[in-house]
Amino acid sequence: MFELIKAHQLNVMLVMCGACATMAFMLLITRFLSPRRKMVILLMEVMALLLLWFDRLAYIYAGDMSHMGFIMVRASNFMVFFLTSGMCFGFNRYVMDYLSTEGEMDVLPVRLKVVDYLSSLGMVLAIISALTGLYYYFDENNLYNRGPGFFIAYIIPLVCPLIDFSVIFQLRKRISRWIYISLVLFIFVPIVFAIIQVFAYGISIVNMAMVVVSVCLYIFNYFDINDQVVHAHNIELENLHGEQKRMQELVDKTATALVSAAEIRDEYAKGKSAKIADFARRIAEKAGKDQEYCDQIYYAALLHNVGMVGLPDDTELNMEDPDPEMIKRKAEIGRGLLSEITEYPYLSDGAYYSSEHYDGTGFPEGLKGKEIPEMARIIAIADAYVTMTSKSRTGDGLPNFMAREMFVKEAGAKFDPEFSDIMVKMIDRSGSEGMQEVSLETETEFECNEYRDYVAIGIPVEGEEKKISFKYEASVDPDEGFSSPSIILFDSYDRRSHTDEKTISAYHYLEYGEIWFDDHMIMTAARTAQVTEITRNEDYEGRTGKGVKVGYEIIAGRTDDHLQIRMIGPEYTKEIILVLPDKSKSSHIGLTGEHCHITDVTIEPTGRYIGSEDIPRIAGAVDYTDHMESDFKNIQIDQNRSISTPGVELTGKKRLAFHTLTLPGAELVWHCPYIVLYSSDDGTIGGPNYREYNLIKMNGENNGTGDHAQNNFTMKRTADFHGWEAWRDANKAGLDCEIVFDRKGNRIVTTTENSGVSTECITTIYEMPDKVYAALTGDEVALTDIRVLIERL
């Protein structure tokens, strides 16, 4: 290796001189270094260039007996020894400059002054050596030879860097990473090569090393400045993010203040705008909008009702029967307030257009379809959902399924059908979406004066038997009037008893009967009822007076359409079987009474599940399948997908024809037939290796999950569609339907038509099984005369 370098060292030296010259030129035009630092490094680069240049000349003119050779050999060797100490001096100055600037040291270590003196001494000794031959001399052939004091020449270039290192190591925490590395390299690389130089005479590896580390000083300064720029940039970003965060907090506080001002007039409105904003953001996310859009719609929805601050304090907007002028006034005030925020024009759009309807019947301008800003269309849906399901002055919020029905019915009319469909699917996944039903807890204590002037929230009667216990206390003495607890049996979407026509219709309230704890009861909508056991307590001493608490119990359970209720009081223990209109109906027990105080109400399951054998049937099942039977047995579906037809293997083109009859007690638009596309090993729904590809409801809904197939669904309302009430009436009256399946490979086209609601769905199955089936099911519907028709090509 050394032989190779020795053979080509003049060329290597020339290249390295060029590198030094280049670095020196770059230093002249560099702006990122301080002037003082720049001059120190420039001085070192020039000294390194001259050191290597004169070292190269010393080799070139060695043995040259000419006059020029005589002069150049001596001048070159002198400059080599002189500049070696000069490099130590320059390096020490570099260290001093760094520590006094970046190191922020006002007083520098004395050791650095010592290095200054020693390096200066080294340059003086170089001059003396040139005159005395202390370090070197030249023989008669004009050749360089080491002098008697040659090793003295190595002491100062060795000691000075080591002293510098002692300072650098001690103060390393003040020195950046890249600068520290360059300083250590500058000190130890030449020392290592100097040791080698002692044993490798005739090759200038020390001077070459000095050039290399001098160049590294500039390069590592560049790295250090780059790190500083990155660090400064990161700090700037942090400051910017901090400023953005502070601005965001300010925006949040300002928005919250505006919203609070709008909501302060109504105690039930508190927090409503935040809920609307949250649902608007979630709808936007599910529609595939980006983060910026979702953030924008959050604030637009949060502030969309801010126009309420400009309305009179006694104003209450009735969403069921809105006052057009009041809606317009609110929209204009909201736009006026928010249009001042010119950086965010979408805020005023949300406030002004969110009461528009997709079919053009809304306010304030009667815009239609895509004319309405998209954000406003999303906000309208979020607002409608929160308004329907939240508690208000008029009562408790409606359950999710009633909100769902509204979005199904109003899709394409009041609401954008795309975003309505997203909302419906969110409701269908209400548990995973965090959209919990309004929580209604039965009261543990309440007062009844006149009979039924207060009825507690209904307690569901289900397959798992429940025990209801409470304490009764009369509020009048026996001689002052009648006093007794009783129960109401009913069905209602909000689990409350209703008496006025408006709420009876709104909540689909149906009362089955009233039962007292004696031998009295009144049946209304129940098909029939029968007291199967009644026992009077012989020790009963008559009704108690005021201030005396008496315990009562009710044990209730259900199977299909039969309820069994056991009532235990101080006078009687009786058991009643009550039959509901049909199996699809829900049932609730509402505690009430007359002139009494009910306390300590508790509800707990008994752990017993009621089966068909536990309650004797006192009436036959209501059956709507007494109709012609064809390829499949007629079925009545009392609950959602509780039963289905056998599967029909889909090959080529097939049709399913049948008669549908929505059950008389059904109220919702999805109480209709459904079509299921699936595969399983035995051809049954829910069978081994069951995979469901699509669920199509004949009211125009598609519930395909997308896990195993892609479903492209379209729904149209034809000229035969005359509104949802007419559609429901037609299905309750009964009508013939036909479904067409057309399968080609893994692609199945399903078309349906039901009283003006026409659908087409293209199902593309990802992993095609051996067989694909279709089956009919539904919710609260009877399917009869089911026929499979094969179209032959």
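Listed values, structure above:
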| read-out | value |
| --- | --- |
| Number of the exception - Arg93 against (1) among the charged types (D, E, K, R); (2) farther than 20 Å from Val159 by Cα; (3) surrounded by 18 or more Cβ atoms within 10 Å (Cβ to Cβ) | (2) |
| Conditions (1) among the hydrophobic types (A, V, I, L, M, F, W, C); (2) open to solvent by 10 Å² or more (accessible area, probe 1.4 Å); (3) under 30 Å from Asn754 (Cβ atoms); number of the one not met by Ile568 | (3) |
| Residue that is most open to solvent (accessible area, probe 1.4 Å) [pool: residues in segment 53-77 that are among the aromatic types (Phe, Trp, Tyr) and touching a Leu at 6+ places or on another chain (Cβ under 8 Å)] | Tyr59 |
| Meets criteria (of a type in the set (Phe, Trp, Tyr) and within 20 Å of Met406 (Cβ to Cβ)) for Phe721 | yes |
| Selected residue (criterion: least open to solvent (accessible area, probe 1.4 Å)) from residues of segment 703-728 that are among the polar types (S, T, N, Q), at pLDDT 90 or above and closer than 19 Å to Glu692 by Cα | Asn711 |
| Residues (surrounded by 18 or more Cβ atoms within 10 Å (Cβ to Cβ) and either hydrophobic (A, V, I, L, M, F, W, C) or closer than 25 Å to Pro769 by Cβ (or both)) located in segment 690-700 | Glu692, Tyr693, Asn694, Leu695, Ile696, Lys697, Met698 |
| Residue within segment 138-156 that is within 30 Å of Ser34 (Cβ to Cβ), among the hydrophobic types (A, V, I, L, M, F, W, C) and modelled with pLDDT under 90 present | yes |
| Any hit, segment 448-458, residues being at pLDDT 90 or above, surrounded by fewer than 19 Cβ atoms within 10 Å (Cβ to Cβ) and aromatic (Phe, Trp, Tyr) | yes |
| Unique residue being in a strand (DSSP E or B) and either under 30 Å from Gly481 (Cβ atoms) or among the β-branched types (Val, Ile, Thr) (or both) when the list is Val622, Val676, Val669 | Val676 |
| Residue check for Tyr154: closer than 27 Å to Trp53 by Cβ and outside any helix (DSSP H, G or I) | no |
| Test for Asp720: is it assigned to a loop (DSSP other than H, G, I, E, B) and within 30 Å of Asp770 (Cα to Cα) | no |
| Ala209 within 18 Å of Leu50 (Cβ to Cβ), open to solvent by less than 20 Å² (accessible area, probe 1.4 Å), small (Gly, Ala, Ser) and out of contact with any Cys (no Cβ under 9 Å at 6 or more places or on another chain) | yes |
| Condition broken by Glu791, with the remaining ones in (1) farther than 15 Å from Val648 by Cβ; (2) surrounded by fewer than 17 Cβ atoms within 10 Å (Cβ to Cβ); (3) at pLDDT below 95 satisfied | (1) |
| Residue match in segment 632-640 (condition: β-branched (Val, Ile, Thr) and surrounded by 13 or more Cβ atoms within 10 Å (Cβ to Cβ)) | yes |
| Ile555 over 42 Å from the mean Cα position of the chain (by Cα), at pLDDT 95 or above, of a type in the set (A, V, I, L, M, F, W, C) and open to solvent by 30 Å² or more (accessible area, probe 1.4 Å) | yes |
| Pairs with Cβ under 8 Å, 6+ apart, first in segment 101-118 and over 17 Å from Arg172 (Cα atoms), second open to solvent by 60 Å² or more (accessible area, probe 1.4 Å) and assigned to a helix (DSSP H, G or I) | Asp116/Arg93 |
| Test for Val124: is it closer than 23 Å to Leu50 by Cβ, open to solvent by 70 Å² or more (accessible area, probe 1.4 Å) and in a helix (DSSP H, G or I) | yes |
| Residues satisfying the stated conditions in segment 571-622, i.e. in contact with a strand residue (DSSP E or B) (Cβ under 7 Å, 6 or more places away or on another chain) and free of Cβ contacts under 8 Å to residues at least 60 places away in the same chain | Glu571, Tyr572, Thr573, Lys574, Glu575, Ile577, Val579, Gly611, Ser612, Asp614, Ile615, Arg617 |
| Matching residues, segment 78-90, being among the hydroxyl-bearing types (Ser, Thr, Tyr) and either open to solvent by 10 Å² or more (accessible area, probe 1.4 Å) or touching a strand residue (DSSP E or B) at 6+ places or on another chain (Cβ under 8 Å) (or both) | Thr84 |
| Test: residue in segment 21-44 that is of a type in the set (Gly, Ala, Ser) and either open to solvent by 40 Å² or more (accessible area, probe 1.4 Å) or on the phi > 0 side of the Ramachandran plot (or both) | yes |
| Qualifying helices (runs of 4 or more DSSP H) (wholly inside segment 282-382; at least 1 residues being crowded, with 23+ Cβ neighbours inside 10 Å and modelled with pLDDT of 90 or more) | 291-302, 345-353 |
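The values are calculated or read from the model by the stated rules, or taken from the named source; none is laboratory data. Since this is a predicted model, take the numbers as computed values, not measurements. Glycine gets a Cβ as well: all are built from the backbone with ideal geometry, and neighbour counts include every protein chain shown. Note: accessible area is taken over every heavy atom of the protein model, side chains too, but ligands, DNA and RNA are not part of it. Shrake-Rupley method; radii C 1.70, N 1.55, O 1.52, S 1.80 Å.
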